[in-house]
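First comes the structure, then the notes that go with it.
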Amino acid sequence: MSDLRLANYIGGAWTASDAKQQHDVLNPATTELIAQVPMGGTAEVDAAVQAARAAYASWRRTPVVDRVQPLYRLKALLEQHAPELAATVTRENGKNLAEAMGSVRRGIQMVEVAIGAPSLMLGQSLEDVASGIDCTSVRQPMGVFAAIAPFNFPAMVPMWFFPFAVACGNTFIVKPSEQTPLSQQLMFELIHEAEFPAGVLNMVHGGKDAVTAIIEHPDIEGVSFVGSSPVAELVYRECGKQGKRVQALGGAKNFVVVMPDADREFTVKAIVDSAFGCCGERCLAAAVVLAVGDSHEWLRKGLLEEMPKVTVGDGSKPGIDMGPLITKTHMQKVLGYIDAGVNEGAELLLDGRGIDTGEKGWFVGPTLFDGVHPEMSIAREEIFGPVLCVSKVDTLDDAMQAIHKHPLANASSIFTTGGKHARQFGYEVDAAMAGVNIGVAAPMAFFGFGGSKGSFFGDLKAHGREAFDFYTDRKVIISRW
Ligand code: NAD
């Protein structure tokens, strides 16, 4: 068996997978083969569920102050290994080292917040709800949960979930993206070193079959999913049929409104960072800029000045702002959107096709369209690449209408120096993550993360206090003595 073939982590031990199919993972900057992922299914998921169920019996009875101790150890190990983890993210995903390190730091903050479980799991009580009768509401863990992750934040996204779930007393299975499995491979080495009891945290590699096995397994209580909207919707629907608790975070098409009174230089830089950071493969990336009135002229000029400064290449090398796209297939999809934008009549101001970085990987340069109409495919669909669309609108009300018409609503931002505009935007915008003079409106670990409309399926968002609601059931105990 090849040295590059990855193992699952089940019941506290590395376990070779019997899966016949495997997925080759290539470094997207160099095209070098870096891992082979066993595409597990029912058998592998079932083995992990058995281990997690066995561990649950004693883990749920472990006092919460003791349950958070391995998380303290994991936090220390993550600090120590953060550079290695960031380098792994860059190697398998392509984003540059600073971006990778930023995502690792965000992940570590999840552990820090989850460690607050003894306070954050507190229930409520009231005496004499009727004469001589007291009432207590406690939060209890529910059993085995699973997370299904996307390729774009391979270290961070699983950390939105597992620290909270296990701190609450559940046991857990992570299914990393088959496109970027190595960060979680390293994560589980650290989890092993942190000495979580065997079976509390498990990892199964795979793709669609593993996801189906998770959805259909009767002993998995709930699922946290992050990925594209069609799959998020499918996971939500199918988990619902199985009676599972589910939160499914989907895709995005994020609007940015620019008012004529916005700080020009700051706004242009923030939009460029948002649209082209992580090569546009970010669910919070600016996708469509709605330039209100006179802002259109200075914005267009500013973007044309700023965007060519974005350096493109292998993100592991110094001085690189933007790395490659994740795969050749995805690069071809992004190039197809640029072709479509031209064919549909948008004005191509900067063309990222055919960029030569001197590397072998899958690069597309920063691309800018102006004159984009809502019915064009580049305005409607998630491109998930370095393509920014600009549309001119007359008023903030027009901008709000355009935003409200779009079926996706993950994040949205306004750039303005006017409190009135900022207030109207915050009040009316239907994306659940809203920014005022913020390019990437990313809630931190102690707030909930997740969009609205077709970008989110479920009720409770990821991390923050909502994680303690998602990963526990509330029991009310009414007593008379
Ligand atoms: P994806 O939907 O292709 O894959 C996500 C996960 O689902 C992977 O683990 C994959 O193995 C599995 N999967 C893929 N196809 C499946 C199918 N047909 N049936 C069952 N399982 C399937 O997403 P991706 O390409 O890995 O990630 C990019 C997407 O994720 C973008 O749409 C992006 O906006 C979204 N995303 C959203 C958020 C958010 O917070 N809303 C965060 C990160 C990424």
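The values are calculated or read from the model by the stated rules, or taken from the named source; none is laboratory data. Computed from a predicted structure; not experimentally measured. Every residue, glycine among them, receives a Cβ derived from its backbone with ideal geometry; neighbour counts consider all protein chains shown. In case anyone asks, the SASA skips ligands and DNA or RNA and just uses the protein heavy atoms, side chains included. Shrake-Rupley method; radii C 1.70, N 1.55, O 1.52, S 1.80 Å.
Numbers below:
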{"item": "Net dipole in debye of region 1-141 [+1 Lys, Arg Cβ; -1 Asp, Glu Cβ; about Cα centre; nearest 20]", "result": "80 debye"}
{"item": "Positive-end extreme of charge dipole, the chain - chosen from Leu97, Ala232, Phe172 (charges on Cβ)", "result": "Phe172"}
{"item": "Residue-normalised accessible area of region 1-157, expressed per residue, 1.4 Å probe, Å²", "result": "43 Å²"}
{"item": "Accessible surface, region 254-436, averaged per residue in Å² (probe 1.4 Å)", "result": "41 Å²"}
{"item": "Approximate spin-label separation Glu79-Ser2, in nm, with each point projected 7 Å along Cα-to-Cβ", "result": "3.8 nm"}
{"item": "In Å², nearest 10: area of Met142 left accessible to a 1.4 Å probe", "result": "40 Å²"}
{"item": "At 1.567 mPa s and 4 °C, Stokes D of region 301-394 from Kirkwood alpha-carbon radius, µm² per second", "result": "94 µm²/s"}
{"item": "P(r), alpha carbons of the chain - 20 Å bins starting at zero, rounded %", "result": "24, 53, 21, 2"}
{"item": "Accessible-area composition of region 254-436, carbon plus sulfur, in percent [1.4 Å probe]", "result": "51 percent"}
{"item": "Check: the chain dipole with +1 on Lys, Arg Cβ and -1 on Asp, Glu Cβ, in debye", "result": "940 debye"}
{"item": "Entries in Lys244/Lys453; Lys241/Lys405; Lys241/Lys392; Lys309/Lys453; Lys317/Lys405 that, when Cα-Cα distance is taken, lie over 32 Å", "result": "Lys241/Lys392; Lys309/Lys453; Lys317/Lys405"}
{"item": "Rounded to 5, percent antiparallel among DSSP beta bridges of region 254-436", "result": "10 percent"}
{"item": "Cα-centre dipole for region 254-436 with unit charges at Cβ (Lys and Arg positive, Asp and Glu negative), debye to 20", "result": "400 debye"}
{"item": "Cα pair distances in region 254-436, grouped into 10 Å bins until the bin that holds the longest one, percent each", "result": "10, 40, 35, 13, 2"}
{"item": "For the chain, share of DSSP beta bridges that run antiparallel, in % to the nearest 5", "result": "40 percent"}
{"item": "Positive-end residue of Gly345, Pro366, Leu325, charge dipole of region 254-436 with Cβ unit charges", "result": "Leu325"}
{"item": "Cα centroid separation - region 389-410 against region 43-94, whole Å", "result": "41 Å"}
{"item": "Mean Kyte hydropathy of -1.0 or more with a Cα span along the axis of at least 27 Å, helices from DSSP in the chain", "result": "69-93"}
